[in-house]
Amino acid sequence: MYPFIFKPILKTMIWGGTDIRPFKGLTPADALVGESWELSHVEGNCSVVANGPLEGQTLDDLIAAYGARLTGEKVMQRFGRTFPLLIKFIDARDNLSIQVHPGDRLAWERHHSFGKTEMWYVVKAAPGAVLYSGFRRPVNAAEYVRRVEEGALMEALQRYEVQAGDVFFLPAGRVHAIGAGCFIAEIQQTSNITYRIYDYDRKDADGNSRELHTALAKDAIDYTFRSDGRTAYTPQPNETVGLVTCDYFTTNLLDLSRPTTRDVAALDSFVAYICMEGRLTVCDEQRNELTVHRGQTVLISAATQSVTLTPAPAAKLLETFVT
């Protein structure tokens, strides 16, 4: 197998913006694109290979043909034939709803689905743009219900003014929202289960209020108070900088100005590289080579032994794999 890139799945959203297409080098259009799903195995939204001899094959086709050689033995044992991560870019021209995602147990009981733990990396942010993550002080279920009924939930949320490079880890159960002016890369479990708690009283294209899931969210929320939801790290050019390690994925930051070779043989997992800045060449030990630019995501199979990343002349990447 060679390094794969996939056709983006562009999602028109009521709150979307106009930055995703130019960011990815695509022709601008009038439609407001809120998300670009870069690597997806969500039902009805399966990524399609965009390069090489297997162009046109879906991610599902690849898993059926190559199994653990693509995803890794431990990944196959744990997740079966489901690719376990969904990778996307999000462009919020307007505020997204306040929401929460259930954990594995509750998601399986209610929806026969995985839960949804995720992380955000802020690619860019307008002046004053904010993200919400968790509660600003201890809150219990009774207070949550009361605040929702009184329209006062926003006052209880932790609000963060953000800038490019900020990182947030969002385990399932943490109430959160993306504010207007944020452009982020998101890595999450393969799940599309979202409980919308508050949506600023907006209407959809037909003039209807969007559905809220207040009661479902009550049992999904983790009410544990945490004083800081932002992930601290120290940028180090040309070094591997760990951002998030959790039960579902590990994500590192690579800010490169010179070639680096990554030994991936022992991971027993696929590796995805998300290019957020610049351009680079990706070459595996079999000399399969691919040029990747800003806004693209490349998938490296678990059968790969090593990959050399050569920036041209610089590139910033997120590297993620199953822990």
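Might you let me know whether region 251-268 holds any residue that is out of contact with any Lys or Arg (no Cβ under 8 Å at 6 or more places or on another chain), of a type in the set (Asp, Glu) and more than 27 Å from residue 31 (Cα to Cα)? Yes; the residues of region 251-268 include at least one that is out of contact with any Lys or Arg (no Cβ under 8 Å at 6 or more places or on another chain), of a type in the set (Asp, Glu) and more than 27 Å from residue 31 (Cα to Cα).
So the check is Cβ under 7 Å with 6+ separation or different chains; which pairs have a first residue in region 14-33 that's under 14 Å from residue 123 (Cα atoms) and hydrophobic (A, V, I, L, M, F, W, C) and a second one that's open to solvent by 60 Å² or more (accessible area, probe 1.4 Å) and part of a loop (DSSP other than H, G, I, E, B)? Partner pairs satisfying both residue conditions: 23/294. Based on what the data block shows, is residue 267 within 30 Å of residue 114 (Cβ to Cβ) and in contact with a strand residue (DSSP E or B) (Cβ under 9 Å, 6 or more places away or on another chain)? Criteria met by residue 267.
For region 147-174, a tally of residues being loosely packed, with under 13 Cβ neighbours inside 10 Å and either farther than 25 Å from residue 184 by Cβ or more than 27 Å from the chain's Cα centre (by Cα) (or both) returns 4. Restricting region 73-97 to residues that are buried (at least 17 other Cβ atoms within 10 Å of the Cβ) and touching a helix residue (DSSP H, G or I) at 6+ places or on another chain (Cβ under 7 Å) leaves a set whose member that is nearest to residue 30 (Cα to Cα) is 91.
Strands (runs of 3 or more DSSP E) fully within region 162-270 that include at least 1 residues being in contact with a helix residue (DSSP H, G or I) (Cβ under 6 Å, 6 or more places away or on another chain): 195-198.
Among the residues of region 274-282, is any touching an Asp or Glu at 6+ places or on another chain (Cβ under 9 Å), open to solvent by 50 Å² or more (accessible area, probe 1.4 Å) and farther than 17 Å from residue 5 by Cα?
No: zero hits.
The values are calculated or read from the model by the stated rules, or taken from the named source; none is laboratory data. Since the structure is predicted, the reported quantities are computational estimates derived from the model, not experimental observations. Heads up, the Cβs are rebuilt from the backbone with ideal geometry, glycines too, and the neighbour counts pull from every protein chain shown. Calculation scope for accessible area: heavy atoms of the full protein, side chains included, ligands and nucleic acids excluded. Shrake-Rupley method; radii C 1.70, N 1.55, O 1.52, S 1.80 Å.
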